[in-house]
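Worksheet: one structure, shown below.
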Amino acid sequence: MLKSVAARVSSQSAKFEENDNITLEEEDSMDDGFNIHLKLNTDSNKGEAFFDFSRTSPEVYGNWNAPETVTAAAIIYCLRCLVDFDIPLEHGCLGSAVIHVPKGSFLSPSDKTAFVGGCMNNLTSEDNTFSYYETIGGGSGAGPP
């Protein structure tokens, strides 16, 4: 879905003057019919973007609920695909973006539900000048058991 949005923003932005704003809406469905709905508003004057997931389906009984960090990571990846130069793959590139994910949706589930991404160990360290994040591997990887 975000690739589709990225493609539309890239193609539409060539048609607009520098002072115009772009609003796009996309929806994608999971296999069970639950939806991820994104409305993207960009303000080229301020260089800002508003990612609104308000019409996304509620949390589900299953383990495909995703914490908000997964949504932020997908948006960072999408933004990196849209720009013409390398930017760091970190939260700092979201400085001019606002992300709205409704609580209780399957992109911001309650602490009573199962969710994806809970099976790895991470090491983090940071201060005002530096941040470090490492995923510590485990299991058997992609090879045969």
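The values are calculated or read from the model by the stated rules, or taken from the named source; none is laboratory data. Computed from a predicted model, the values in this text were never measured in an experiment. FYI the Cβ positions are ideal-geometry reconstructions off the backbone, even for glycines, and counts take in every protein chain you see. Note: accessible area is taken over every heavy atom of the protein model, side chains too, but ligands, DNA and RNA are not part of it. Shrake-Rupley method; radii C 1.70, N 1.55, O 1.52, S 1.80 Å.
Scanning the range 112-129 turns up no residue that is surrounded by 15 or more Cβ atoms within 10 Å (Cβ to Cβ), more than 19 Å from I22 (Cβ to Cβ), under 18 Å from the mean Cα position of the chain (by Cα) and modelled with pLDDT of 90 or more. Listed by first and then second residue, the pairs linking a residue in the range 92-117 that is closer than 20 Å to M30 by Cβ to a residue that is among the β-branched types (V, I, T) and surrounded by fewer than 12 Cβ atoms within 10 Å (Cβ to Cβ), with Cβ atoms under 9 Å apart and 6 or more places separating them unless they lie on different chains, are G117/T69.
Scan the strands (runs of 3 or more DSSP E) fully inside the range 1-110 and keep the ones with 3 or more residues being touching a helix residue (DSSP H, G or I) at 6+ places or on another chain (Cβ under 8 Å), among the acidic types (D, E) and at pLDDT 70 or above.
Details: elements: 21-29, 35-43, 48-52, 97-100.
Strands (runs of 3 or more DSSP E) meeting the threshold: none at all.
Only one residue in S105, S57, S96 is on the phi < 0 side of the Ramachandran plot, open to solvent by less than 70 Å² (accessible area, probe 1.4 Å) and more than 15 Å from the chain's Cα centre (by Cα). Which one? Can you show your working first?
Working: S105 fails: more than 15 Å from the chain's Cα centre (by Cα); S96 fails: more than 15 Å from the chain's Cα centre (by Cα).
Of S105, S57, S96, the one residue that is on the phi < 0 side of the Ramachandran plot, open to solvent by less than 70 Å² (accessible area, probe 1.4 Å) and more than 15 Å from the chain's Cα centre (by Cα) is S57.
Across the range 60-81, the qualifying residues are those that are open to solvent by less than 50 Å² (accessible area, probe 1.4 Å) and touching a Ser or Thr at 6+ places or on another chain (Cβ under 9 Å), and the one among them that is nearest to F34 (Cα to Cα) is V60. Within the range 34-45, residues that are farther than 15 Å from V98 by Cβ have Cβ atoms under 7 Å from residues that are open to solvent by 40 Å² or more (accessible area, probe 1.4 Å) and among the small types (G, A, S) in these pairs: N35/S29, counting only partners at least 6 apart in sequence or on another chain. Just one residue in the set N45, N41 is closer than 27 Å to V83 by Cα and open to solvent by 60 Å² or more (accessible area, probe 1.4 Å); that residue is N45.
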